[in-house]
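The values are calculated or read from the model by the stated rules, or taken from the named source; none is laboratory data. Quantities reported herein were computed from a predicted structural model and do not represent experimental measurements. When we count neighbours, we look across all protein chains shown, and the Cβ atoms used for this are built from the backbone with ideal geometry, even at glycine. Just the protein is used for accessible areas: all its heavy atoms, side chains included, with ligands, DNA and RNA removed. Shrake-Rupley method; radii C 1.70, N 1.55, O 1.52, S 1.80 Å.
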Number of protein chains: 2
Amino acid sequence: MQSAEPKNQKSCLVATLSRYTSAVRNMEHTIMLPSLLRDVPQEEPEDSFAAEGNNKDLYEYFLMLKSVRNVVESGLMPPDERKALSVPLETLEDSDPETLFHFHLTGLFSVLNNLTTSSHMLTRRYKEVIGLSN
Amino acid sequence: MQSAEPKNQKSCLVATLSRYTSAVRNMEHTIMLPSLLRDVPQEEPEDSFAAEGNNKDLYEYFLMLKSVRNVVESGLMPPDERKALSVPLETLEDSDPETLFHFHLTGLFSVLNNLTTSSHMLTRRYKEVIGLSN
C-alpha cells in the first residue's frame, strides 16, 4: 500500500507521524488484553524490535510504543533525554545548523519508521499469542 | 507573543515547523534585494546565527535559511547528511528507540527554534543595511 503513495507523501514528516499513530491505534484496537504479552520475549529475529538489542518483554514494548505515540499526538516537548545518550553533544552543537537540521530530521524519520514497523509486528505477535494468526 | 500561546501549542512540532516557515516567508518578503547582504559579516554577538561559529556572510545565511525552509515545506527526505557529523553513530543506533525518538525530536525543536530566531535577526539586519531600521 505504501508503495502506491507518491514519493513526496511518503517522506513527509507529518505523514510519517500520522502513519505511526495509525499503526499504534490499530495495535491498541487489536490488543484487548495487553497483559497476555507479559513475559513474552522478543524472540523472532525478523522482528525489528528484537533487533534493537533491548531486554523488554512484549508488554513493556507495547507500553513504550504507546508512550511515544502520546508524545507524537500531544505535541508536548519531551524531557531532554539527550544526556541518556553517550554522545559527545558538543560535536552536535558545533555543527552547521543546516547539517544539524538534516541530521535530526533524518533521524526522526528513521526511528518513527522503525517504531511503525514494530507496532505492526507487535500486533501480529499478539494475534499469534491468542491463536488468531492466519 | 509566544508567551500568550498555550504550552501545548508552543511545543507542538507542527506549530514549530509553521513558525519557522512563517519567519522565512516574512524574511523573504522584506529582503527584496538579497545581494545587498553579500559580504556583510555576522558581526553582532547577540545574533543567534553569529554564535553558531560558521563563516557564512549574511547572503549565504539567507540562502541556507531558505534551503531549510524548502525541506520543511516539501517534506522531502533530505539526503543522509549524518556522515557530515563526526558523531559515533553506532552509539545512537544502539540506543533505546524511545530515547532516540526523544533525542531527535528535542534536537529538531531546538534547531528549528534557533533558525526561526535567525530568520528574524536576518530580517532586522537587512533593514539596518538599507537604512530602514527603527
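Assorted remarks:
- When the range A:79-116 is filtered for residues that are at pLDDT 85 or above, open to solvent by 60 Å² or more (accessible area, probe 1.4 Å) and more than 7 Å from chain B (Cβ to nearest Cβ), only A:N113 remains.
- Scanning the range A:117-134 for residues that are at the interface with chain B (Cβ under 10 Å from one of its Cβ atoms) and free of Cβ contacts under 8 Å to residues at least 12 places away in the same chain yields nothing.
- Where A:S119 falls short, out of the listed (1) touching a Leu at 6+ places or on another chain (Cβ under 6 Å); (2) modelled with pLDDT of 90 or more; (3) open to solvent by 40 Å² or more (accessible area, probe 1.4 Å): (3)
- Taking first residues from the range B:11-33 that are within 14 Å of another protein chain (Cβ to nearest Cβ) and without any contact (Cβ under 8 Å) to a residue 12 or more places away in the chain and partners that are open to solvent by 60 Å² or more (accessible area, probe 1.4 Å) and part of a helix (DSSP H, G or I), the Cβ contacts under 6 Å between residues at least 6 apart in sequence or on separate chains come to B:A15/B:Q9.
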